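Presented below is the structure to which this report refers.
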Amino acid sequence: GNSVTQMEGPVTLSEEAFLTINCTYTATGYPSLFWYVQYPGEGLQLLLKATKADDKGSNKGFEATYRKETTSFHLEKGSVQVSDSAVYFCALSLYNFNKFYFGSGTKLNVKP
Amino acid sequence: GAVVSQHPSRVICKSGTSVKIECRSLDFQATTMFWYRQFPKQSLMLMATSNEGSKATYEQGVEKDKFLINHASLTLSTLTVTSAHPEDSSFYICSARETGGGNQPQHFGDGTRLSIL
């Protein structure tokens, strides 16, 4: 089947710390991979995506590389800010982005 | 950028009530909209795919008579939870996909928190 597994939170970091949120997937086809961010009280916003193996998605200092050999798409940021506090969802999509499978979300708390 | 408006953002009602949630694409047309449900500390689960002018496609295990979906225009889809019960309490999120097919992205609404007493 198709599924996404991401590390449980919450993750608590100090400002300027290095962030890694692990995400692994299983898929029946060749998925596209995404990271979405959900700020408190808001909907999901696309953070970055990668559509094929070895692609690197990046946005706002966040990066993730599509690793087919390890079926992973880990999210990283070199120096987090308080404003990065949110819930992060890893997701995969098949069939031209019609069907999404989401991970359970990882809450990130960044302390000043 | 593309904006999806979802209304209401929060609703609390008594058991047995029917609740309607609206999902609007504000600055683009969406042939296809999607409805998700999110339980606490769990992932979003796709409930149904809503296509303008045709019947919605429901995921396995989702009761179509319980969750009525109407997509009457290219900018509006509604989800009606009929005869809601406490177990229907959840966070419901819609997304809309820009008309054009292919690699058009989905844009998400801010969600509706439904609480059934």
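Can you work out the FRET efficiency for the pair residue B:70 and residue A:2, with r the C-beta to C-beta distance and R0 = 22 Å, to the nearest 0.05?
Numbers: r = 28 Å, r/R0 = 1.28.
Efficiency at R0 = 22 Å is approximately 0.20.
Report, as an integer, the average count of C-beta atoms from other chains found within 10 Å of each Cβ along A:30-36. Write down the numbers at each step before the final one.
Working: counts 0, 0, 1, 0, 2, 0, 3.
Mean partner-chain Cβ count within 10 Å for A:30-36: 1.
Please check which bits of segment B:53-70 a label hung off residue B:83 would reach, taking the label as a point 7 Å along Cα-to-C-beta and the cut-off as backbone N under 18 Å.
The answer is B:62-69, whose backbone nitrogens lie closer than 18 Å to the label point.
How long, wide and thick is segment A:20-69, going by the Cα atoms along their three principal axes, in whole angstroms, largest first?
Answer, in whole Å and largest first: 35, 23, 18 Å.
With a point put 7 Å past each Cα toward its Cβ, work out how far residue B:41 is from residue B:22 in nm, to one decimal.
3.6
Can you give the direction-averaged projected area of the convex hull of the alpha-carbon atoms in segment A:58-112, in nm²?
Over every viewing direction, the Cα hull of segment A:58-112 projects on average to 4.8 nm².
Could you give the nm distance between label points at residue B:91 and residue A:16, where each point is 7 Å from its Cα heading toward the beta carbon?
3.2
Give the residue list of trypsin sites (Lys or Arg not before Pro) in segment A:1-67 that are DSSP loop and have at most 16 other beta-carbon atoms within 10 angstrom.
Working: sites: A:49, A:52, A:56, A:60, A:67; in loops: A:52, A:60.
Answer by residue number: A:52, A:60.
Work the Kirkwood hydrodynamic radius out for segment B:18-79: mean of 1/r over every pair of different alpha-carbon atoms, inverted, in Å.
Working: mean 1/r = 0.0826 Å⁻¹.
It is 12.1 Å.
Just to be sure I understand the model, the point goes 7 Å from the Cα along the line to the Cβ. What's the resulting residue A:71 to residue A:54 distance in nm?
Output for this residue pair reads 2.2 nm.
Compute log10 of I(q)/I(0) for chain B with the Debye formula, placing one identical point scatterer on every Cα and leaving out solvent, at q = 0.24 Å⁻¹, to two decimals.
-1.45
Every number in this text was worked out from the coordinates using simple rules, so none of it is lab data. Because the structure is a prediction, the values reported are computed rather than measured. Backbone-built Cβ (ideal geometry, glycine too); neighbour counts: all protein chains shown.
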